[in-house]
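Trainee: My questions will all concern the structure given below.
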Amino acid sequence: MRIRNRYEFLASLIITILTMCVSLKATEVEDPIVFKKSDYLGKNFVVTNKSYRHGECEIVITQVRHFSERDWPCRAWFKVKKAGKVVYENNFRTIDPVGAGFGFYLPRKQPNSNYFVVEKDGDYDSKLFLIRKDGAVTELLGGWYFVTGNLRYLICENSEAEEGNTQVFDFKEGKVTYSEKIPVTNAYRKGDLYFYPRITLSNEGEEIESRKEVFIFDPIKSGFVRKDISEDFFVGATKVIYDFVTNGDGETACGCDKNRKPTLFVPGH
């Protein structure tokens, strides 16, 4: 009888410990870090808090850059408010300086009057947030982007993403119309035509642009289609000048520049 009670006690103890572990893990996930300015005092911290009015909503970006090599380099809180209430929130406990720049950025010129664009870089996980005037948020794979000449489509790239590295957002329809992982690098423009050459790797691992195969943007399908071409197809084509490009030099990152002057804008854009 004692042995059975001992086994019952041990079984109960194990179940209790497992329940506590699950509870702690759930608490950790469900309890996002709360911003308190008093937590970030001292010369090693630069705190920036920016607010932007867009239609019916307010966009608030708070960042803390930590100039200490021993701990996290960047922490950020991104909120969209409507009528004083938070309708969208995405907090980042730490943003690592890998992949490109790191932290939140704004383009010097917004691409569409109905949408406010915010870029998050770092962690090999860039994100592009498109905030509509009513507070609705669309999250795209971040990275470099450009807008087509008719100002209808935003085309963005992210070679770091697993689920797709090229996306198309239709400003008129207000939705993503294309998201595929295609082997591309530089975009080209020829008149009203936009395309990417297929990329292959040489034996040395260098990227080579194909002159026989491209992915062409088809406005009817609102996406890219593969096409075989001849070499003269490139005659008259020029590389696209991207509307937004971040760099990895770290001079402007996490809300400030290397001199600790607050800024959200990307240099040269």
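Trainee: Looking at (1) under 26 Å from Cys74 (Cα atoms); (2) in a strand (DSSP E or B); (3) modelled with pLDDT under 95; (4) hydroxyl-bearing (Ser, Thr, Tyr), can you tell me which one Ser159 breaks?
Mentor: Status for Ser159: all satisfied but (2).
Trainee: Can you tell me which residues in the stretch 216-246 are closer than 24 Å to Asp170 by Cβ and among the aromatic types (Phe, Trp, Tyr)?
Mentor: Phe217, Phe224, Tyr242, Phe244
Trainee: Within the stretch 96-135, track down each residue that is open to solvent by 40 Å² or more (accessible area, probe 1.4 Å) and of a type outside the set (Asp, Glu).
Mentor: Pro97, Val98, Gly99, Arg108, Lys109, Gln110, Ser113, Asn114, Tyr124, Arg132, Lys133
Trainee: Moving to a separate point now. Within the stretch 131-150, can you find the residues that are part of a strand (DSSP E or B) and either out of contact with any Asp or Glu (no Cβ under 8 Å at 6 or more places or on another chain) or hydroxyl-bearing (Ser, Thr, Tyr) (or both)?
Mentor: Ile131, Arg132, Val137, Thr138, Glu139, Leu140, Tyr145, listed by residue number.
Trainee: Is it the case that the stretch 232-241 has a residue that's closer than 30 Å to Ile95 by Cα and open to solvent by less than 40 Å² (accessible area, probe 1.4 Å)?
Mentor: Yes; the residues of the stretch 232-241 include at least one that is closer than 30 Å to Ile95 by Cα and open to solvent by less than 40 Å² (accessible area, probe 1.4 Å).
Trainee: In addition: With the requirement that a residue be outside any strand (DSSP E or B), surrounded by fewer than 17 Cβ atoms within 10 Å (Cβ to Cβ) and of a type in the set (Gly, Ala, Ser), what does the stretch 163-213 give you?
Mentor: Gly164, Gly174, Gly191, Ser202, Gly205
Trainee: Looking only at strands (runs of 3 or more DSSP E) that fall completely inside the stretch 57-125, which ones have 2 or more residues that are more than 13 Å from Ala253 (Cβ to Cβ) and at pLDDT 95 or above?
Mentor: By residue number, 57-66, 74-82, 85-92, 115-121.
Trainee: Residues Lys85, Lys37: which one is surrounded by 11 or more Cβ atoms within 10 Å (Cβ to Cβ), free of Cβ contacts under 8 Å to residues at least 24 places away in the same chain and out of contact with any Asp or Glu (no Cβ under 8 Å at 6 or more places or on another chain)?
Mentor: Being surrounded by 11 or more Cβ atoms within 10 Å (Cβ to Cβ), free of Cβ contacts under 8 Å to residues at least 24 places away in the same chain and out of contact with any Asp or Glu (no Cβ under 8 Å at 6 or more places or on another chain) holds for just one of Lys85, Lys37, which is Lys37.
Trainee: Next up: So which of Thr185, Thr148 is among the β-branched types (Val, Ile, Thr) and at pLDDT 90 or above?
Mentor: Going through Thr185, Thr148 in turn, just one is among the β-branched types (Val, Ile, Thr) and at pLDDT 90 or above: Thr148.
The values are calculated or read from the model by the stated rules, or taken from the named source; none is laboratory data. For clarity, every value in this text was computed on a predicted model and none was experimentally measured. Note: ideal-geometry Cβ built from the backbone for every residue, glycine included; neighbour counts use all protein chains shown. What goes into the accessible areas is simple: the full protein's heavy atoms, side chains included, and nothing from ligands, DNA or RNA. Shrake-Rupley method; radii C 1.70, N 1.55, O 1.52, S 1.80 Å.
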